[in-house]
Amino acid sequence: MLRAVEKRDLLLSYPYESIRPFLDMVREAAQNPSVLSIKITLYRIARESKLAENLILAAENGKDVTVVMERRARFDEQNNIDWANRLERAGCRVVYGNSLYKVHAKICLITLHERGKLRTITQVGTGNYNEQMAELYTDYAFLTADEEIGREAADFFKNMDLDNAEATYKRLLVAPAGFKPRILSLIEREAQKGENGNI
């Protein structure tokens, strides 16, 4: 999966396509000696989560694993706390969201070092990283090796570490500061195209 994403961007559409390729990619990253780190936001995960098990495997294999865990995921608070404890015991670094806002972001950043160069694989999605929910709800998962998106994803995780939710980004649409104005601007851009516009 890592090589497939390096060749071209991929878009998965749940539940019409499986979340399995994403889970396989994280497992592959957990076992790949070139992978340095995996960073991910978790809002809602399954009680029996292959994803969390893969993150634990990555930490056990010496990868730097950072999880931004949302404790205020309604109806899943205890499950998230239980997983956060298991992840921390396995050696993952767990950051507990933002003090002012719930962190609904669905983003995963994998950093590799090969042939003397750092590279990234970034996944951005609309759905939670919950294997069961991915079979029920309509969501998208975009996977890319785009360097600019990877740099912004790294900045996003740095800002989460600093409890800074007000940062703006060029390519990523991140609330509360940069989401609404950018969405409105993109809608206006397409509206100006008339019949040739697409949303």
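The values are calculated or read from the model by the stated rules, or taken from the named source; none is laboratory data. All values derive from a computational prediction rather than experimental measurement. Note that we place each Cβ from the backbone using ideal geometry, even for glycine, and neighbour counts take in every protein chain shown. These area figures cover heavy atoms from the full protein model, side chains too; ligands, DNA and RNA do not enter into them. Shrake-Rupley method; radii C 1.70, N 1.55, O 1.52, S 1.80 Å.
Any residue at all in region 129-136 that's more than 16 Å from ALA30 (Cβ to Cβ), modelled with pLDDT of 95 or more, in contact with a Phe, Trp or Tyr (Cβ under 9 Å, 6 or more places away or on another chain) and open to solvent by less than 50 Å² (accessible area, probe 1.4 Å)?
no
Name the residues in region 29-72 that are touching a Ser or Thr at 6+ places or on another chain (Cβ under 9 Å), free of Cβ contacts under 8 Å to residues at least 60 places away in the same chain and small (Gly, Ala, Ser), would you?
Scanning region 29-72 gives a single hit, ALA58.
Give me the pairs: first residue in region 79-102 and open to solvent by 20 Å² or more (accessible area, probe 1.4 Å), second residue part of a loop (DSSP other than H, G, I, E, B), beta-carbon distance under 6 Å, and six or more apart or on different chains, which are they?
TYR96/ARG71; SER99/ASP163; TYR101/ALA165; LYS102/GLU70; LYS102/ARG72
For LYS117, indicate whether it is open to solvent by less than 60 Å² (accessible area, probe 1.4 Å) and under 20 Å from THR144 (Cα atoms).
For LYS117, the condition - open to solvent by less than 60 Å² (accessible area, probe 1.4 Å) and under 20 Å from THR144 (Cα atoms) - is not met.
Among the numbered criteria (1) under 30 Å from ASN32 (Cα atoms); (2) loosely packed, with under 12 Cβ neighbours inside 10 Å; (3) touching a helix residue (DSSP H, G or I) at 6+ places or on another chain (Cβ under 9 Å), which one does ARG171 miss?
Here ARG171 clears every test but (2).
Would you be able to tell me the number of residues in region 1-59 that are over 17 Å from PHE142 (Cα atoms), open to solvent by 10 Å² or more (accessible area, probe 1.4 Å) and in a loop (DSSP other than H, G, I, E, B)?
Result for region 1-59: 7.
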